[in-house]
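Have a look at the structure below, then the notes.
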Amino acid sequence: MKKIWNFLKKNFKLIIGIAVLILVVCVFFATQRKATSLESGNLQKWTEGAIEQKVATVQLLTKSQENTDLIVACVDKMSTFNDSAEFAVRDAVKLCNMGIQLRENN
């Protein structure tokens, strides 16, 4: 028991340093994971996002670069409606894209 206590005394700073380093790495990955999920977020998150992030999200969800600006404008408009904050971005993009396709086919 005394050997363990002496080891902890000698290496106390090292043990604390390693623990802090592990904590910082965990916090970094947790914040990165939350920050990049606009496509799986809701419309409240959409309104807080940058235009580049919105365009990239639309292109990712539609798998196309056609009508990107129109879809971004449509989802921006949807995000201004009452009670739309809980509506999923993925659903809003699909709805806008379907509306644009229907308009083009008629």
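Taking trypsin sites (Lys or Arg not before Pro) across segment 1-68, the ones in a DSSP loop with at most 12 further Cβ atoms lying within 10 angstrom of their Cβ are LYS63.
If only the Cβ of Lys and Arg carry +1 and only the Cβ of Asp and Glu carry -1, the dipole of the chain around its Cα centre is close to 1320 debye. Once backbone amide H atoms are built at 1.01 Å from N, ASN42 has VAL89 as its partners under 5 Å, excluding neighbours fewer than 5 places away on the same chain. Derived scalar couplings between HN and Hα for segment 23-31 equal 5, 5, 5, 5, 5, 4, 5, 5, 6 Hz in order, rounded to whole Hz, by the Karplus curve 6.51 cos²θ - 1.76 cosθ + 1.60 (θ = phi - 60°), x for Gly and Pro. Partners of LYS54 within straight-line reach, counting aspartates and glutamates whose Cα lies under 19 Å from its Cα and excluding those fewer than 8 residues away in the same chain: GLU39, GLU66, ASP69, ASP76, GLU86, ASP91. When the convex hull of its Cα atoms is viewed from all sides, the chain shows a mean projected area of 10.6 nm². Considering only THR31, GLY41, ILE18, and ranking their Cα positions along the charge dipole of segment 1-50 that arises from unit charges at the beta-carbon of Lys, Arg, Asp and Glu, the one farthest toward the positive end is ILE18.
Computed extension gain for GLU104 through SER40, at 0.36 nm per residue and net of the alpha carbon distance, reaches 20.3 nm. With R₀ fixed at 35 Å, the C-beta to C-beta distance from ALA88 to ILE15 puts the FRET efficiency at about 0.20. Looking at segment 2-89, the GluC sites (Glu not before Pro) that sit in a DSSP loop and have at most 14 other Cβ atoms within 10 Å of their own Cβ are GLU66, GLU86.
The numbers here are math on the coordinates, done by the rules we state, and not lab data. Quick caveat, the model's predicted, so the values are computed rather than measured. Virtual Cβ from ideal backbone geometry, glycine too; neighbours counted across all protein chains shown.
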